[in-house]
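The values are calculated or read from the model by the stated rules, or taken from the named source; none is laboratory data. No experiment lies behind these values; they were computed from the predicted model shown. Cβ placement follows ideal geometry from the backbone for every residue including glycine, while neighbour counts extend to all protein chains displayed.
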Amino acid sequence: MAGRKNEDTEPQLMLWFSKTGHLLDEKKRIHGQIKVGSFEGRLVQLLIEQSLSKTELCERLWPNEIPSDLLRTRFHSLIKRVNYKVRDLIIYKDEVYGLSQDVRMKN
């Protein structure tokens, strides 16, 4: 998967500025804003490193055991919030979550 939205399209490079949280494309157009220290930001940081399953993401985001129904709700709400802030940034394919774009951190 490696961050691809669909197999025929190359992922677009997006820079994520750690101070402002803005995600900009190569033409410097803002696609959204996600604060680095937020839960949304932690999720994106994990997915920048590699695509992960729902179980792996939940274990890293919520290391303390919580009821599975609550965890499921939190997880799907988090995915929706990120995709609302930056349209379709997180994708699900082959039972793992990844990024549709090539996101790189910038200080």
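Numerical summary
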| item | result |
| --- | --- |
| Breaking point among (1) within 12 Å of residue 101 (Cα to Cα); (2) at pLDDT 95 or above; (3) under 13 Å from the mean Cα position of the chain (by Cα), for residue 3 | (2) |
| Top-ranked residue of segment 39-59 - restricted to ones that are among the charged types (D, E, K, R), at pLDDT 95 or above and exposed (fewer than 15 other Cβ atoms within 10 Å of the Cβ), ranked as nearest to residue 87 (Cα to Cα) | 49 |
| Failed criterion for residue 71 (all others in (1) touching a Phe, Trp or Tyr at 6+ places or on another chain (Cβ under 7 Å); (2) farther than 19 Å from residue 13 by Cβ; (3) modelled with pLDDT of 95 or more hold) | (3) |
| Residues satisfying the stated conditions in segment 24-38, i.e. surrounded by 14 or more Cβ atoms within 10 Å (Cβ to Cβ) and either at pLDDT below 95 or over 26 Å from residue 59 (Cβ atoms) (or both) | 24, 31, 32, 33 |
| Residue 40 assigned to a helix (DSSP H, G or I), within 24 Å of residue 15 (Cβ to Cβ), of a type in the set (Asp, Glu) and out of contact with any Cys (no Cβ under 8 Å at 6 or more places or on another chain) | yes |
| First in segment 83-96 and crowded, with 16+ Cβ neighbours inside 10 Å, second anywhere and in a helix (DSSP H, G or I) and not basic (Lys, Arg), Cβ under 7 Å, 6 or more apart | 85/40; 89/82; 89/83; 90/47; 90/79; 90/82; 90/83 |
